[in-house]
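What follows is calculated from the coordinates using simple rules that are stated; it is not laboratory data. This is a predicted model, so every value here is computed, not measured. As a convention, Cβ positions derive from the backbone with ideal geometry for all residues, glycine included, and neighbour counts pool all protein chains shown.
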Amino acid sequence: MAILKILQYPDDRLHTVAAPVERITDRVRELVEDMAETMYAAPGIGLAATQVNVHERIIVIDISETHDQLLVLINPEIIARNGVSDYEEGCLSVPGIYGKVQRAESVTVSALNVGGESFTLNADGLLAVCIQHEMDHLAGKVFIEYWSKLKQSRTLARLKKKQRSVM
Ligand code: GNR
Ligand code: NI
């Protein structure tokens, strides 16, 4: 197992569109384990492969406080969405920045598990927010990119200032 490096915004690699996983091999299983370890260590409630510079459709999520409810989504697709909700989001690739994003209140997602079996999941609340946030990463989109250009440029300035102070 290994803790992987998480790409930090702004990084063009966060805009890469992920490709479907063709076959669940040992490499994929090992990546899933490393992504889970990286997420738990951060700590975060979700991680998309994009964030560790692997551009394949793989997501890990665990919204439990006990870190024992790992959800692995391979080749996920949202097949239904309902309602609207505003939730204060954060992102391991944009540390220290929090803000609201409007998303569907509930989603139905279909995916493969790590055993290669397909399943369907209905999610609402934080899990629905997290699934949509992670699926955006796979599409090359970071949550702050829903914000106005003005708010994005202020956020970028804050991040640059912070990065200067730690170097
Ligand atoms: O750890 C995370 N917390 C979080 C909080 C609100 C909405 C979304 C998230 S996902 C984030 C981890 C992350 O960056 N995943 O891509
Ligand atoms: Ni994120």
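Based on the alpha carbons, how large is the Rg to Rh ratio for the chain when Rh follows Kirkwood? Walk me through the intermediate numbers first.
Working: Rg = 15.6 Å, Rh = 16.3 Å.
Checking Rg against Rh, the ratio lands at 0.96.
Each Lys and Arg contributes +1 and each Asp and Glu -1, all at the Cβ; summed about the Cα centre of the chain, the dipole is approximately 1100 debye. Over all other residues within a Cβ to Cβ distance under 9 Å of Met1, the charged ones net out to -4, with Lys and Arg as +1 and Asp and Glu as -1. In the chain, the DSSP beta bridges split such that about 95 percent are antiparallel, to the nearest 5. Here is how the number arises for the chain: DSSP H runs of 4 or more residues each give -39500 (n - 2.57), the sum is divided by the residue count, and the result at 222 nm is -9500 deg cm²/dmol. The phi torsions of segment 124-131, fed into the Karplus equation with coefficients 6.51, -1.76 and 1.60 and a -60° offset, translate into couplings of 9, x, 4, 5, 5, 4, 5, 4 Hz, rounded to whole numbers, with Gly and Pro shown as x. Net charge in the neighbourhood of Ala42 (other residues with Cβ under 14 Å of its Cβ; Lys, Arg +1, Asp, Glu -1) is -3.
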